[in-house]
1. In nm, give the distance between the simple-model label positions of R24 and E170, each being 7 Å from the Cα along the Cα-to-Cβ direction.
2. Just to be sure I understand: with springs between alpha-carbon atoms less than 10 Å apart, which residue in Q172, Q181, Q200 has the highest mean-square fluctuation in the Gaussian network model of the chain?
3. Give the long-range amide H neighbours of V93: residues separated by 5 or more places, or on another chain, with amide H under 5 Å away, using H modelled in the peptide plane at 1.01 Å from N.
4. Using just the helices of the chain, give the 222 nm mean residue ellipticity in deg cm²/dmol: DSSP H runs with n ≥ 4 each add -39,500 (n - 2.57), and the total is spread over all residues, rounded to 500.
5. Out of C198, C49, C138, any idea which swings most in a Gaussian network model of the chain, alpha carbons joined below 10 Å?
6. If I take R0 = 41 Å and measure r between the Cβ atoms of E122 and R89 in this structure, what FRET efficiency does the formula 1/(1 + (r/R0)^6) give, to the nearest 0.05?
7. How high is the relative contact order of the chain? Use alpha-carbon pairs under 8 Å, at least six apart in sequence, and give a whole percent.
8. Given R₀ = 41 Å, what would the calculated FRET efficiency be for T196 paired with K36, taking r from the Cβ atoms and rounding to 0.05?
Amino acid sequence: MTLTIQRHQDGKTGTATFDIASLRVTTLLGAFYEIKAKLDPTLTFDAGCRSGVCGRCAVRVNGRETLACSHTLQGDEHIEPLQYHPILRDLKVDTSQAHAKIVSEDSRRDEALIPSVSTPEEESRYRLQTDCILCDCCYSACPVLAVTPDFLGPFALTRVWRYVVDPRFEEQDASRLETVQKNGIWDCTLCGECTTVCPQHIDPKSDILHLRTASLQAGHTDPTFAQQSFGVPDFGGGFGF
Ligand code: SF4
Ligand code: SF4
Ligand code: FES
């Protein structure tokens, strides 16, 4: 059993393959720690809780995003850092730029003004979204970010929906919806990759669809639809009889 790991160190990139058959590990994160301890102390990766809670150990395994601490080794595997994040070293990436896309949303909260209690029914509307651990798996899996780096991305849009659906923040819904019109909900292709890779079983694609419906109800328009409608050539009218 081997792990081929993409390496980025001191301006050089490449891969290193490690035979891990004798390491007696079951998880990918366990293999990283053993490689670092016994085979290559320079291997760099990020991790914290080792139990799927902190969201720091996300990597790509054979082209699919996953948490290294939750991933059971299944044979020869190819490991890469998350996409669309600056690589700091090997598998460790800088998530600050991606996470900054939700800072403006969180800064809107004024806890002093928010009733602290939701009814169970209200809470059930946003419970799932609240479980986001900011692992960035969905962000790395999103094909739109390959061509539109300014796209807000799935977890930031899920966060917006979490507040829009919470009646305690109702007064801010209009301004929240305004923030997702540009580089937001209309840029999503609804491919569902974000939903497929989320370790918390959150469904950003559905949340984006909900945001689209709420936006239309609030008077916004789908710019793609508007372009198609207004892009029809004008042949001057009349039927030429
Ligand atoms: S559904 Fe939308 S946000 Fe999710 S991965 Fe696809 S394009 Fe990105
Ligand atoms: S929505 Fe899921 S995949 Fe995306 S950052 Fe949150 S927990 Fe990770
Ligand atoms: S180490 Fe915390 S989620 Fe994997």
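Only the coordinates and a few stated rules stand behind these numbers; no lab work does. Owing to the predicted nature of the structure, the values given are computational and were not obtained by experimental measurement. Quick reminder, even Gly has a Cβ in these numbers, built from the backbone with ideal geometry, and neighbours come from all protein chains shown.
1. Result for the modelled spin labels: 6.1 nm.
2. Among Q172, Q181, Q200, the largest mean-square fluctuation in the Gaussian network model of the chain belongs to Q172.
3. L88
4. Helix-only estimate at 222 nm: -10000 deg cm²/dmol.
5. Highest fluctuation among the options: C49.
6. 0.40
7. Values: 343 pairs, mean separation 37.9, N = 241.
Rounded, it is 16 percent for the chain.
8. Values: r = 30 Å, r/R0 = 0.73.
Plugging the Cβ-Cβ distance into 1/(1 + (r/R0)^6) gives 0.85.
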